[in-house]
1. Label Glu130 and Val55 with points 7 Å out from Cα along Cα→Cβ: what is the distance between them in nm?
2. How do 93-104, 131-142, 34-45 rank on mean C-beta neighbours within 10 Å, highest first?
3. Looking at segment 1-151 only, what percent of DSSP beta bridges run antiparallel? Nearest 5 please.
4. Give me the percent relative contact order of segment 22-141, please, defined on Cα pairs under 8 angstrom at least 6 residues apart.
5. Sticking with the crude label model, points 7 Å out along Cα→Cβ, report the distance from Arg89 to Met1 in nm, one decimal please.
6. Once you've got the Cα coordinates, tell me which of Lys87/Lys136; Lys23/Lys69; Lys29/Lys87; Lys26/Lys87; Lys3/Lys31 are over 25 Å apart.
7. Between Ile138 and Ile42, what is 0.36 nm times their sequence separation minus the Cα-Cα distance? Round to one decimal in nm.
8. Counting only Cα atoms, I'd like the Rg/Rh figure for segment 1-87, Kirkwood definition for Rh.
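The numbers here are math on the coordinates, done by the rules we state, and not lab data. Nothing here was measured: the structure is a model prediction, and the numbers come from that model. Don't worry about glycine lacking a Cβ; one is built from the backbone with ideal geometry, like all the others, and counts go over all protein chains shown.
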Amino acid sequence: MIKFEELNKWQQRWFRRAIETGKWSKDEKHKIGCIIVDDDNIELSGGFNGFPRQVEDDDRLLYKNRDIKNRIIIHAEANAVASAARKGRSLLNGTAFCTQAPCSQCAGLLIQAGVQALYFFSNTTLHWGESIKIAKDILTEAGVDWYEVESIVEVDNTFAVDSANLSS
């Protein structure tokens with residue numbers, strides 16, 4: 001696992017941008033963000049977890065019915081890939097920065113889009129454990145370089161290493 005402080009200044013900036021993007025999610029419990037950049041450190045796309053465009057963010061997102069919410073919500077990585085496609089931007093050879101490890105489906109989308117490297121925080125919930133194990137396996141098999149980074153939290157508009165257990 002990589003410590004946040006060991007990342008270069010651009011990698012740290014992109015993680016901060018992913019955190020900020022994740023805050024746009026109206027899901028009060030999970031604010032996940034993903035930013036994809038090119039090798040010149042230019043942002044290609046970004047996404048956060050939320051309902052599809054034109055679908056109202058209503059009580060379904062506020063845990064009135066978790067099963068329905070989970071069937072509707074689009075993950076941050078999938079939103080980033082879809083946003084790039086909508087704008088006609090290639091993600092080929094891009095690098096993704098995610099505030100959480102991708103599930104197996106999102107890992108597959110990142111692979112299909114041509115992302116070559118992926119950085120994600122280690123704050124994975126236990127619920128996604130098996131899917132994330134599969135994701136790591138297929139990323140490795142597909143030749144995508146992936147890096148797990150020690151989790152951080154925002155404190156008073158600054159970022160600090162998170163020493164709390166975020167596995168719940």
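1. Distance between the two pseudo-spin positions: 2.4 nm.
2. 93-104, 34-45, 131-142
3. Here the antiparallel bridges make up roughly 50 percent for segment 1-151.
4. That works out to 24 percent.
5. My value for the distance between the label points is 3.1 nm.
6. Those over the limit are Lys87/Lys136; Lys29/Lys87.
7. Here the segment from Ile138 to Ile42 would lengthen by 31.9 nm.
8. 1.04
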